[in-house]
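What follows is a short report on a single structure.
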Amino acid sequence: MFERCYDSPVANITPIRQRPQALEFFAGIGLARIGLEAAGFKVAWANDYEPDKHAMYAAHFNDGPDHTYVVGDVGKVAAADLPSASLAWASSPCTDLSLAGSRAGLAGKESNAFWLWVNILRDMEERAPEVVVLENVIGLATSHGGEDLRSAIRALNDIGYSIDLLSMDARRFVPQSRPRMFLVGTKNPPAEDERSLASELRPDWAQNFYGDESLRMHRAPLPEPPAFLLEGFGKVVETMPMDDERWWDADRTNAFVRSLSPTQRERVIQLRKSAGVKYRTAYRRTRNGVPVWEVRADDVSGCLRTARGGSSKQAVVRLGNGRLKVRWMTPLEYARLMGAGDFNLSGARNNQALFAFGDAVAVPAVEWLASKYLMPLLNGTLGSATRTEVLASAR
Ligand SMILES: C[S@@+](CC[C@H](N)C(=O)[O-])C[C@H]1O[C@@H](n2cnc3c(N)ncnc32)[C@H](O)[C@@H]1O
C-alpha cells in the first residue's frame, strides 16, 4: 500500500515523500521503468527471461542492492518472493496478438504469459498492488473478435481490479507512430466526471467494453494528452558524414529505388530534387512474394518492431539538393524514437539493441500515464482539477 504524504510533527522539516514502489513484469531493457521513475515511482523489482535484454538493462541502470532483476520465466516467479508494491506494470508479449504475428491470441505460445502474471497477482492475495497496468498492442482488442480482451478484463476483475481502457499513440510525444493499449486496473476506482467521457484516449472500439455490464470498468477523469506530432523524425537522425560506410553503395541504393511503386518513386524523385535536406523512413514489405520498399510520405517514423532475422528493420532515406542516400536506422535513432535518447548503448551489439528497442514501450507515453493517472490515483488527487479545467477539457 502506498504511504501517503503526511504532515511532519516536527516544525520546519519538509516531509519526505515516500516514492511508491513498482514491480516491472516483462521488463526487457526497462523503458517502462524510466517512464515510471520520471513520474516519481521507485521500481524495486523486474523480471524478463531474455539475458540479452537484461544485459542492456544492467548496463544502463547499474543497480545496487535496492533493485532486483530476476532473469527467468515469469511462470517460475513466486508471489512470496516479490516485494510489496503499489503498482505492477506488465508489458506482456504481444507476438501472438499483433498483425505481424500469428494471431493465436492470449492462448498463443508467448502471449499466454499474461495468465502467468495474473496468477502471480492472485497469489499475492492482500499484498497485491493497488494499481496494475497491462500494456499491449491494439490487436488485443480485436483478437478472437474481442473475446481475448474481454477475458483479460474478466480475469483482472476476478482478482479485485476495476479496469479502464486507454489507447495511446507514442506519436503524441515522439515522431514515431506507435499505437498501444493500456489497461489500468485499480482496487479503488475513481469517480467519473465530464472529462471521463470526453477523453480522446478512449476510442470507439473501447466503448463496447465499457458498455458490457458483465465487466467491472471505470473511466478516470484525465487531462487531454498532447496532440499528435506531424514532424520531427529529421531531428532525431544521427548525423554522419556522407562517406560513412553505413550509407549503402550505388548498387544497393539503385535496387532500393527500383523496388518502389511508381507513386513512391515519383515522391522520392521530387524530394531528391528539392532544395534542402529531408529525412524519411522506409520499411521493407513482401508483395506477391517480392520484397519491396515503402517510403513514408511524412517526417515521422513508422512503428519500430523487433528485428527478428533483420526483416523488420527500418531504413533512413536522406533526400534533397539532388542527392539520395539510404542506410539502416541506427540503435541511437531507435532509442531516440522511443524517448530514450540517453540510454547507455555501450556494449550492446547492433541487432541486440534494435531487437530490444523494437519490443519496448515508449518512455514518454509511460511517463504521461504515470504522472497524469497512476500517481494521482494512488495519492488520491485524481480528478481534483478546477471546474474551469474540467469545462475546457470537455469542449
Ligand atoms: C513487449 S516486450 C516488453 C519490453 C519492455 N517494456 C521494455 O521496455 O523493454 C515483452 C517482454 O516479455 C518478455 N517475455 C516474454 N515471455 C516471457 C516469459 N514467459 N517470462 C519472462 N519474460 C517474458 C520478452 O523477453 C520481452 O522482453
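What to note about this one:
- Checking each residue in region 121-137 for being outside any strand (DSSP E or B), without any contact (Cβ under 8 Å) to a residue 60 or more places away in the chain and of a type outside the set (Lys, Arg) picks out LEU121, ASP123, MET124, GLU125, GLU126, ALA128, VAL137.
- Inside region 323-353, residues that are more than 17 Å from PHE233 (Cα to Cα) and surrounded by 19 or more Cβ atoms within 10 Å (Cβ to Cβ) make up a count of 5.
- Lone unmet requirement of (1) surrounded by 19 or more Cβ atoms within 10 Å (Cβ to Cβ); (2) over 21 Å from GLY139 (Cβ atoms); (3) in contact with a Lys or Arg (Cβ under 9 Å, 6 or more places away or on another chain) for THR186: (3)
- Residue in region 113-126 that is in the same structural domain as ASP66 (by TED's automatic domain parsing), at pLDDT below 95 and buried (at least 20 other Cβ atoms within 10 Å of the Cβ) present: yes
- Close pairs from region 18-46: first farther than 17 Å from GLY339 by Cβ, partner near the ligand (Cβ under 8 Å from one of its atoms) and hydroxyl-bearing (Ser, Thr, Tyr), Cβ under 6 Å, at least 6 apart: PHE26/SER91; PHE26/SER92
- Selection count where residues are more than 16 Å from the ligand (Cβ to nearest atom), outside any strand (DSSP E or B) and either polar (S, T, N, Q) or at positive phi (or both), scope region 305-360: 9
- Residues in region 16-71 that are within 11 Å of the ligand (Cβ to nearest atom) and touching a Pro at 6+ places or on another chain (Cβ under 9 Å): PHE26, GLY35, VAL71.
- The lone exception for TRP368 - which of (1) at pLDDT below 95; (2) not in a loop (DSSP other than H, G, I, E, B) it fails: (1)
- Scanning region 149-182 for residues that are assigned to a helix (DSSP H, G or I) and either touching a residue at least 60 places away in the same chain (Cβ under 8 Å) or within 16 Å of the ligand (Cβ to nearest atom) (or both) gives LEU149, ARG150, ALA152, ILE153, ARG154, ALA170, ARG171, ARG172.
- Among the residues making up region 19-47, a single one is in a strand (DSSP E or B), of a type in the set (D, E, K, R) and buried (at least 24 other Cβ atoms within 10 Å of the Cβ): GLU24.
- All positions within region 261-286 that are without any contact (Cβ under 8 Å) to a residue 40 or more places away in the chain and closer than 27 Å to ALA170 by Cβ: GLN264, ARG267, TYR283, ARG284, ARG285, THR286
- Any pair with Cβ under 7 angstrom, 6 or more apart, that starts in region 190-214 at a residue that is farther than 18 Å from PRO376 by Cα and ends at one that is among the aromatic types (Phe, Trp, Tyr): none
The values are calculated or read from the model by the stated rules, or taken from the named source; none is laboratory data. Source: prediction; values computed, not measured. Counting neighbours? That spans all protein chains shown, and the Cβs are built from the backbone with ideal geometry, glycine included.
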